[in-house]
Structure formats: C-alpha cells, structure tokens
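The values are calculated or read from the model by the stated rules, or taken from the named source; none is laboratory data. As the structure is a prediction and not an experimental result, all values here were calculated from the model. Virtual Cβ from ideal backbone geometry, glycine too; neighbours counted across all protein chains shown. We work out accessible area using only protein heavy atoms, side chains counted, and drop any ligands, DNA or RNA first. Shrake-Rupley method; radii C 1.70, N 1.55, O 1.52, S 1.80 Å.
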Amino acid sequence: MTLSLAIPDILVARAKSGDLGALEAMYRAFETPVYNLALRILRSPEDAEDVLQETFLEVVRSIGQYRGEGHLWGWIRRIAASKALMRIRRDQVRATEEFDETAAGHVGPVGAVPARIDLERAFDRLSETSRAVVWLHDVEGHTHEEIAELMGKTVSFSKSQLARAHARLRGMLDQEGAAS
C-alpha cells in the first residue's frame, strides 16, 4: 500500500487564504506521516505528538510563504524534522544543565552484553543526534547539505555522525552475530 500525500492545488490555495476546512484537511492528510517521522527521530510518543502539534502550528503560520515549489509534503517534512531536531537540542541543553556526578559515574554491569539485538534496538541505542542523522539520510533521503542546514551544523558534522552511527550499528549487529 502506497500512501498518497498529493494535495490538490485548490486546497493549498484555500489554506493560504485562511480557510479552516482546508487547513484541517491538510492536517488530516499529513498527521500520520509527520507523527511517524517525529517518532522515528525522537523515540517518544509524547514528544512525537508535541512535534506534530508544533509542526502544524508552523504550517498554519507559514502556509502563505509556501511557494508551491516541490511537493507540499517535502515542505511539511522539513518543518517537522526541524521541530524534532530543535527538541533534541533543547533536551541536550537541559541534560547538560542537569548533569551531575552520579550520572557521570554510572556504568552498566560489568560483562552485561545483550544476548540478542536487532536493528531496531540497535537504532534505539544510538544517541538522539546520531539517530536523527541516520533517519534523515538513510530513510528520508536528505543530503548531508540538507541535514547540516536542518541541524545548524556543518556538512562534515553530518557525514561524520552518519559514519560513526553506521560503525556503531555494525558493531552492535556484529556482536549479535557473535552471541548467536
């Protein structure tokens, strides 16, 4: 089953003019893919729901700026990815501010290696930033330039995050193969 995200131009024009019915129709058409994108990046249903709401608040505020170049889904997807990445940055700042010696000294049990790991669980073990870069590049198909722009970083940051994440995933999956 292929999900169609094509929205008639007349609906977009009505949304631009402030038609609440058209805006609601756009929300209904894109709420599931936006939520799924946010959930993949953030791994939290609550955070994904927040990003869904933030995304559509931005869509309502900015629909007049949408020029119709490219697909509407691409424009909305960029907004959603940006909102998810801003949430990661905000959470990282909070974590840094709340960092204490207890958390710094915590290490898992010696020799604790999961007997079995799959790709999804390996993906979950990546940092939020690495997960976001892998998802945006490998699944969503963004270029390193687009990811760098979305994250407010350099192209080399995106490339190095992706390379490190792939190496870490390979290591976790190789470990699974050795444990099997």
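Looking only at region 31-53, how many residues end up being more than 12 Å from the chain's Cα centre (by Cα) and open to solvent by 60 Å² or more (accessible area, probe 1.4 Å)?
6
Is one or more of the residues making up region 16-30 in a helix (DSSP H, G or I), more than 18 Å from residue 80 (Cα to Cα) and open to solvent by less than 60 Å² (accessible area, probe 1.4 Å)?
Just the residues of region 16-30 that are in a helix (DSSP H, G or I), to begin with: 16, 20-30.
Filter again for more than 18 Å from residue 80 (Cα to Cα), leaving 16, 20-22.
Next, from what is left, pick out any that are open to solvent by less than 60 Å² (accessible area, probe 1.4 Å): 21-22.
Yes, that holds for at least one residue.
In region 127-180, how many are open to solvent by less than 40 Å² (accessible area, probe 1.4 Å) and of a type in the set (A, V, I, L, M)?
Qualifying residue count for the region: 12.
Can you find, within region 125-152, the residue that is farthest from residue 81 (Cα to Cα) among those that are free of Cβ contacts under 8 Å to residues at least 12 places away in the same chain and among the hydroxyl-bearing types (Ser, Thr, Tyr)?
Filtering first and then ranking leaves 127.
Considering each of 5, 11, 23 in turn, give the residue that is within 30 Å of residue 121 (Cβ to Cβ) and touching a helix residue (DSSP H, G or I) at 6+ places or on another chain (Cβ under 9 Å).
Exactly one residue qualifies, and that residue is 5.
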